[in-house]
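Contents: one structure, followed by commentary.
Coordinate-derived values only; no laboratory data. Only a predicted model underlies this, so the values are computations on that prediction, with no experimental measurement involved. Backbone-built Cβ (ideal geometry, glycine too); neighbour counts: all protein chains shown.
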Amino acid sequence: MRQSLPTTITVNRAAGTATGPRILTAILWGMLAWLPTLSAATTPLTIAGISLGSDVTSYPDIVDTNFMKEVVVTDWHGFRKGVISYGFCQYPNQILKIDMKYQDNTEIFYKTLLKKYRQSFGQPDSWHGDAFGVMHVWKWRFTDTEGNDVSLTLQFNGKDARETIGNMVKLSYPRKIEEERLCFVEMCAQKMAETDHGRRQALQESDWSHLIPR
């Protein structure tokens, strides 16, 4: 038969109390007190030399990922949300693209919109929807008084989760967007060329301090 190990209890005969459990409790409380400190000390905040909470401007070697900046509007004059894209290279701070999602996302409203669009702009220049009636996409093309190409798109999406559900209008300068993109590519190439070769080599070096969060 297995025998249970006896629990060692020191009896303070003067006071008539058991001190063993008290000592054990004190030890446990001491261990628990260290846990929050240990957790905070091991919380990872840095990977690849970039830290959460740090100022992005403290990393001069990073570059923008998109060739246009974006800002958002919400609950805006009958629209639920809008994304406004603007340039910062060829056309700094100039709005080049506007995507607005209508508050009313029904197909009935889409048909009303399409009727009013046709009254204002004539028949669309092209159809870009699908053959199943899920995506309805009509496009108009214009040239403004300054010779800029203008693209107008009215879109209704009934259930395609890959696109914005509901009604949406897109207004843009296609040629200017392409010029902005090319300017951005050139700017990135120039920045790379101006970067010291030794610095580029240093950025490519790696060890476990870069590869493991810390």
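Among LEU203, LEU171, LEU96, the ranking by other beta carbons within 10 Å of each residue's beta carbon, starting with the fewest, stands as LEU203, LEU171, LEU96. Given in Å, the Rg to one decimal and the Dmax to the nearest whole number for the Cα atoms of region 132-214 are 22.0, 59.
With contacts taken as Cα pairs under 8 Å and at least 6 residues apart, region 30-169 reaches a relative contact order of 15 percent. In terms of other Cβ atoms within 10 Å, GLU107, GLU146 run from fewest to most in the order GLU146, GLU107. With a threshold of 18 Å on the Cα-Cα distance, the over-threshold entries among LYS139/LYS170; LYS111/LYS139; LYS69/LYS159 are LYS69/LYS159. Length available on full extension from GLN190 to ARG214: 0.36 nm per residue minus the Cα-Cα distance, which gives 5.3 nm.
Could you tell me whether region 69-184 comes out rounded, prolate or oblate from its Cα gyration tensor? Rule is a ≥ b ≥ c as square roots of the eigenvalues, rounded for a/c under 1.5, then prolate if a/b exceeds b/c, otherwise oblate. The shape class here is prolate.
The aspartates and glutamates within cross-link reach of LYS176, meaning a Cα-to-Cα straight distance under 19 Å and a gap of 8 or more places when in the same chain, are ASP64, GLU70, ASP99, ASP144, GLU146, ASP149, GLU186.
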